[in-house]
Amino acid sequence: MTSGNRVAIVGAGIAGLACAKVLRQEGFPVEVFDRTPDVGGVWSATRRYPGLRAQNSKHTYHFSDFPMPDDYPRVPDGQQMQQYLDGYVRHFGFGESLRLGTEVVAADPVDSGWLLEIRDHIGVHRTSCDHLVIANGIFNEPAIPDYPGVERFRQAGGQIGHASEFLDVDWARGKSVVVVGYGKSACDIAEAVSHVAASTNVVARRLLWKMPRKLARGLADYERLMLTRLGEAHFRYQELGRIERFLHGSGRSFRDSNLDVIQELATKKSHLRELGLVPEGRFEDIAESTVSLVTEDFFERVGMGLIAVHRDSTITEMAANQVRLSNGTTLQADIVICATGFHQRVPFLTPYVQRQLTDDDGNFRLYRQILPIGVPNLSFVGYNSSVISTLSAEVGAHWTAALLRGRLALPTQEEMTTHVDERLRWMAERTGGHHAHGGAITPFSIHNIDEMLADLKFRLPRRTRAAQWFRMIKPSSYRGLAERSKGPVRTPAPEAVPAVSVEQRTP
């Protein structure tokens with residue numbers, strides 16, 4: 001693919017912006033479409049719920065060549081994250097490539113690439129591109145349960161909506177609020193509204209283990225567990241390295257003891273026993289498909305009686321100003337906020353293309369979480385949901401640039417198919433099916449980055465890699481990847497060419 005070929009990117013969140021910046025530097029004309037009026041994706045002002053903060057510190061949650069501002073707090077809030085991403089666009093000067101307030105409503109494969117139907121403030125238009133990058137994210141289309149009696153609830157003045165639609169804490173002032181879910185967004189919102197609401201109830205179908213940001217002086221914290229090679233090695237990966245074979249073999253007792261200590265410290269620090277909120281299972285279950293961090297003051301406010309958590313329960317019916325739970329409890333409710341996740345799908349693609357992208361269970365079949373097998377001129381970025389998504393997205397963007405430049409020696413289509421099949425099978429077994437339809441690699445963020453870097457024939461200096469076993473990964477260690485990863489054009493395997501080539505397209 002030559003630099004004259006046009007690339008369209010759908011989504012102006014972290015992944016879409018990283019891809020736009022990298023591809024522009026590679027010489028590709030790029031257009032980025034996003035239906036919101038600002039950049040940011042989950043950090044956009046149009047979906048920034050009260051209490052939203054980054055999970056990581058500013059020292060690990062940034063692009064390799066664009067650190068967070070010095071005056072930012074250690075953990076940025078949602079507004080600061082959006083401002084950081086806006087600054088990224090301005091710093092690298094690609095604002096003219098953004099088509100904000102513009103929604104891609106349809107994308108059809110044609111002989112010349114893709115025909116796009118877009119909608120902006122003027123109306124519906126058509127445009128085209130040679131290669132399409134999907135960066136709409138796996139946290140894009142809200143999923144709201146269809147509760148029996150919801151119409152009666154609304155007719156009586158009740159409000160129900162998704163967490164991403166709840167933008168102002170004052171909406172809850174003096175109201176009875178029910179938050180459905182127990183992930184990070186559910187607890188963030190519950191803590192925020194508990195300061196102004198008449199009552200705050202959390203309905204949790206299943207309790208999750210949550211990692212305190214700090215456990216104890218000198219002991220593991222959230223970032224040391226999730227963003228060091230040693231911490232990541234405590235969770236069993238699909239393919240084990242030498243130290244991992246030890247931790248999951250003859251050294252398993254050491255590994256189990258470490259996790260048991262963390263579990264006990266987390267239990268004590270959050271007073272889970274006293275509150276009756278100890279989750280079932282072991283602490284390592286925290287890594288099923290996402291990693292949830294303790295919301296500051298959440299458990300303290302539960303202990304004060306300002307938040308009530310109804311564990312192992314679901315809403316079975318809604319009525320006027322109330323909801324009934326599966327445990328028989330009836331709760332007063334003026335507002336129901338559903339922190340119930342997102343649909344993983346790409347609605348603007350044709351049904352035929354969507355069937356090619358996913359299996360019968362809706363799992364995305366993407367090699368390296370990027371490349372769909374057998375769909376020409378299409379790639380994904382940001383579908384490797386990670387605890388260090390800025391760096392994962394950036395490395396994924398370089399992988400995509402190398403793909404389009406012909407610098408990757410891809411396996412055959414049969415080998416890629418086998419790899420995807422085995423990975424989805426492993427993810428389903430490891431998580432009991434809670435693996436975000438194949439669109440998440442947590443807690444194996446470093447492994448995922450290593451695999452993409454290996455494809456790029458790039459390896460960190462030995463000293464840097466060794467330090468990452470005990471010290472948190474630093475995005476700045478990957479600065480200059482664009483220059484260092486460049487090399488001679490490699491010839492892709494013959495069976496792999498049709499999936500990525502612009503010159504050889506299927507009708």
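The values are calculated or read from the model by the stated rules, or taken from the named source; none is laboratory data. Because the structure is a prediction, the values reported are computed rather than measured. We place every Cβ from the backbone using ideal geometry, glycine too, and count neighbours over all the protein chains shown. Ligands, DNA and RNA are excluded from the accessible area calculation, which covers all protein heavy atoms including side chains. Shrake-Rupley method; radii C 1.70, N 1.55, O 1.52, S 1.80 Å.
Enter the accessible area of residue 261 (Å², nearest 10), with the probe set to 1.4 Å and all protein chains included.
Counting only protein heavy atoms, the figure is 80 Å².
In the chain, what percentage of the DSSP-assigned beta bridges are antiparallel, given to the nearest 5? Before the final figure, lay out each step's value.
On the way: 27 of 61 bridges.
Percent antiparallel among DSSP bridges in the chain is about 45.
By the scheme Lys and Arg +1, Asp and Glu -1, what is the net charge of all other residues having a beta-carbon under 12 Å from that of residue 227?
Numbers: positive: 224, 229, 471, 474; negative: 221, 223, 232.
Surrounding charge for residue 227 is +1.
For the cross-link pairs 21/210; 58/175; 214/268; 214/474; 184/269, which exceed 24 Å when the distance is taken from alpha carbon to alpha carbon?
Numbers: 21/210 35 Å; 58/175 35 Å; 214/268 12 Å; 214/474 19 Å; 184/269 17 Å.
As for pairs spanning more than 24 Å Cα to Cα, those are 21/210; 58/175.
Looking at region 1-144, what % of its DSSP beta bridges pair antiparallel, to the nearest 5?
Details: 15 of 26 bridges.
About 60 percent, rounded to the nearest 5.
Can you tell me the alpha carbon radius of gyration of the chain divided by the globular rule-of-thumb value 2.2 N^0.38 Å? The partial results should precede the final answer.
Numbers: Rg = 23.0 Å, N = 507, 2.2 N^0.38 = 23.5 Å.
Expressed relative to 2.2 N^0.38 Å, the Cα Rg reads 0.98.
With r defined as the distance between the Cβ atoms of residue 308 and residue 170 and R0 fixed at 30 Å, what FRET efficiency is calculated, to the nearest 0.05?
Values: r = 22 Å, r/R0 = 0.72.
FRET efficiency, residue 308 to residue 170: 0.90.
With a 1.4 Å probe and all protein chains left in place, how much accessible area per residue does region 169-322 have, in Å²? Walk me through the numbers on the way to the answer.
On the way: 6830 Å² over 154 residues.
The answer is 44 Å² per residue.
Excluding ligands and nucleic acids, what accessible area in Å² is computed for residue 175 using a 1.4 Å probe, to the nearest 10?
Residue 175 has an accessible surface of roughly 70 Å² with all protein chains in place.
Using a 1.4 Å probe over the heavy atoms of the protein chains, calculate the carbon and sulfur portion of the accessible area of region 383-453 as a whole percent. List each step's numbers first, then the result.
Values: 900 of 1930 Å².
Result for region 383-453: 47 percent of the exposed heavy-atom area is carbon or sulfur.
Where both residues lie in region 177-328, what percent of DSSP beta bridges are antiparallel, nearest 5?
Working: 4 of 13 bridges.
Antiparallel bridges make up about 30 percent of those DSSP assigns within region 177-328.
If you put +1 on each Lys and Arg Cβ and -1 on each Asp and Glu Cβ, how big is the dipole of the chain around its Cα centre, in Debye rounded to 20?
Values: 59 positive and 58 negative charges, 298 e Å.
Using only the charged Cβ atoms, the result is roughly 1440 debye.
Pairing the Cα long axis of helix 78-92 with the longest principal axis of the chain, what angle in degrees results, from 0 to 90 and rounded to the nearest 10?
10 degrees
How high is the relative contact order of the chain, in percent, counting Cα pairs under 8 Å that sit 6 or more residues apart? Please report the intermediate quantities before stating the final value.
Details: 1012 pairs, mean separation 107.2, N = 507.
Relative contact order of the chain: 21 percent.
How much of the accessible area of region 1-120, probe 1.4 Å, is carbon plus sulfur, in whole percent?
Numbers: 2110 of 4460 Å².
That fraction is 47 percent.
Suppose a student asked you for the relative contact order of region 300-379, using Cα pairs under 8 Å spaced at least 6 residues apart; what percent would you report? Present the calculation step by step, with values, prior to reporting the outcome.
Values: 60 pairs, mean separation 9.7, N = 80.
Relative contact order here is 12 percent.
Calculate for the chain the 222 nm mean residue ellipticity that helices alone would give, adding -39,500 (n - 2.57) per DSSP H run of length 4 or more and normalising by residue count, nearest 500 deg cm²/dmol.
When only DSSP H runs of four or more count, the value is -8500 deg cm²/dmol.
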